[in-house]
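Scroll down for the structure; my scribbles are underneath it.
The values are calculated or read from the model by the stated rules, or taken from the named source; none is laboratory data. As the structure is a computational prediction, the values presented were derived from the model and not from experiment. Using ideal geometry, Cβ is built from the backbone for each residue, glycine included, and neighbour counts are taken over all protein chains shown.
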Amino acid sequence: MSREEEIRAGLFEHTLNGHAPEVKALTEEGLSLGMDPMDILFKALIPSLEEVGRRFEKGDFFVPEMLIAARAMQGALVILRPLIAETGAQPVGRYVIGTVKGDIHDIGKNLCVIMLEGAGFEVFDLGVNTPPEKFVAAVEEHKPDVVGFSAFLTTTMPMFKVNIEALTKAGLRDKVHIAVGGAPVTLEYAKHVGADSYAPDASMATRMAKEIVGDRSESSQGAQALEQAVMKIDETLRKG
Ligand code: B1M
């Protein structure tokens, strides 16, 4: 096994087990050996975090394991993020997220941010206690594929509806997918307030975001193919 392969395997294992110092050291060593930051991200860190997500969904991992694994990966992301930005790699999509007004819980929301960034999304994190106007302004400015609202208290969940109404009033409701989540939130409640999707955890939120963006790019590819076909038919007809 080459040293590069050992580094990839080590990054996978140490991220899975939440060993932040080892993940940082191996990331730095990999870069010093000339490994591509995208290689480190997509062939070691993301597969590891995907495994964390799988184990969490199966019930083999719990929130603490997911949190320390995500934190270990975040240590590597801090090093890799500027290097990846330099390569001009296209993000898979844009995601605006924040904890709603009146709510200051952020651990779960931060976990979503880390996992979304790990999956290649450009994330605009509006922080905690986010008023509807701030969500509206961020959607206007960043034109995200998804806007996500987190609420962790039964008393702050009604802010979802207030945020959606603010987006509707600003003429933005149909331009963005609205995702909601947080410990007390349910699928029924999400439907009731008019959100487009609900995810019970960061892993599912990330998987759903990938599907949303994937669906869009597939449908735009489909539209492009259709457009090309119509142009070809037009051309043939013109030629007689
Ligand atoms: Co508070 N708190 N807290 N708290 N706190 C809860 C949430 C509570 C359930 C505790 C309890 O009573 N058993 C309870 C809420 C009851 C309710 O309304 N149903 C509660 C309360 C009452 C309060 C205060 C009102 C207490 C008080 O002051 N009397 C107060 C409110 C402050 C406010 O926000 N205005 C308060 C304050 C705090 C602290 C500041 C001390 C601290 C927050 C620190 C921080 O976040 N920086 C805190 C904590 C730590 C908790 C508990 C113990 C842990 C929350 C947490 O981080 N969980 C919590 C009890 C509990 O959950 N066991 C509790 C781990 C985290 C990884 O999980 O947050 O569920 P979670 O996030 C998940 C999913 O929800 C999902 O993905 C995440 C990761 O998988 N998810 C999304 C999150 N956002 C998503 C968005 C998505 C999709 C999925 O799409 C966009």
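Quick look at the values:
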item	result
Conditions (1) of a type in the set (Val, Ile, Thr); (2) under 24 Å from ARG3 (Cα atoms); (3) within 14 Å of the ligand (Cβ to nearest atom); number of the one not met by ILE79	(3)
Test for ALA69: is it more than 14 Å from the ligand (Cβ to nearest atom), crowded, with 19+ Cβ neighbours inside 10 Å and assigned to a helix (DSSP H, G or I)	no
Residue that is farthest from the ligand (Cβ to nearest atom), among those in the range 134-179 that are in a helix (DSSP H, G or I) and small (Gly, Ala, Ser)	ALA137
Within the range 18-66, considering residues that are within 26 Å of GLY182 (Cβ to Cβ), among the hydrophobic types (A, V, I, L, M, F, W, C) and out of contact with any helix residue (DSSP H, G or I) (no Cβ under 6 Å at 6 or more places or on another chain), the one surrounded by the fewest Cβ atoms within 10 Å (Cβ to Cβ)	PHE62
Residues being of a type in the set (A, V, I, L, M, F, W, C) and either more than 11 Å from the chain's Cα centre (by Cα) or near the ligand (Cβ under 9 Å from one of its atoms) (or both) - total across the range 117-132	2
Residue in the range 80-87 that is in a helix (DSSP H, G or I), modelled with pLDDT of 90 or more, aliphatic (A, V, I, L, M) and in contact with a Leu (Cβ under 7 Å, 6 or more places away or on another chain) present	no
Long-range neighbours under 6 Å by Cβ, at least six apart or interchain, first residue among the polar types (S, T, N, Q) within the range 94-109, second near the ligand (Cβ under 6 Å from one of its atoms) and outside any helix (DSSP H, G or I)	THR99/ASP106; THR99/SER150
Residues of the range 175-206 satisfying the condition of being in contact with a Leu (Cβ under 9 Å, 6 or more places away or on another chain), under 12 Å from VAL147 (Cα atoms) and of a type in the set (A, V, I, L, M, F, W, C)	VAL176, ILE178, ALA205
Failed condition for ARG216, given (1) at pLDDT below 80; (2) more than 22 Å from LEU116 (Cα to Cα)	(2)
Filter result for THR99 (more than 20 Å from the chain's Cα centre (by Cα) and either within 24 Å of VAL193 (Cα to Cα) or part of a loop (DSSP other than H, G, I, E, B) (or both))	no
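Condition check ((1) surrounded by fewer than 21 Cβ atoms within 10 Å (Cβ to Cβ); (2) over 28 Å from PHE42 (Cα atoms); (3) touching a Leu at 6+ places or on another chain (Cβ under 9 Å)) across all residues:
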| residue | (1), (2), (3) |
| --- | --- |
| MET115 | no, no, yes |
| GLU133 | yes, yes, no |
| PHE160 | no, yes, no |
| GLY171 | yes, yes, no |
| MET208 | yes, no, no |
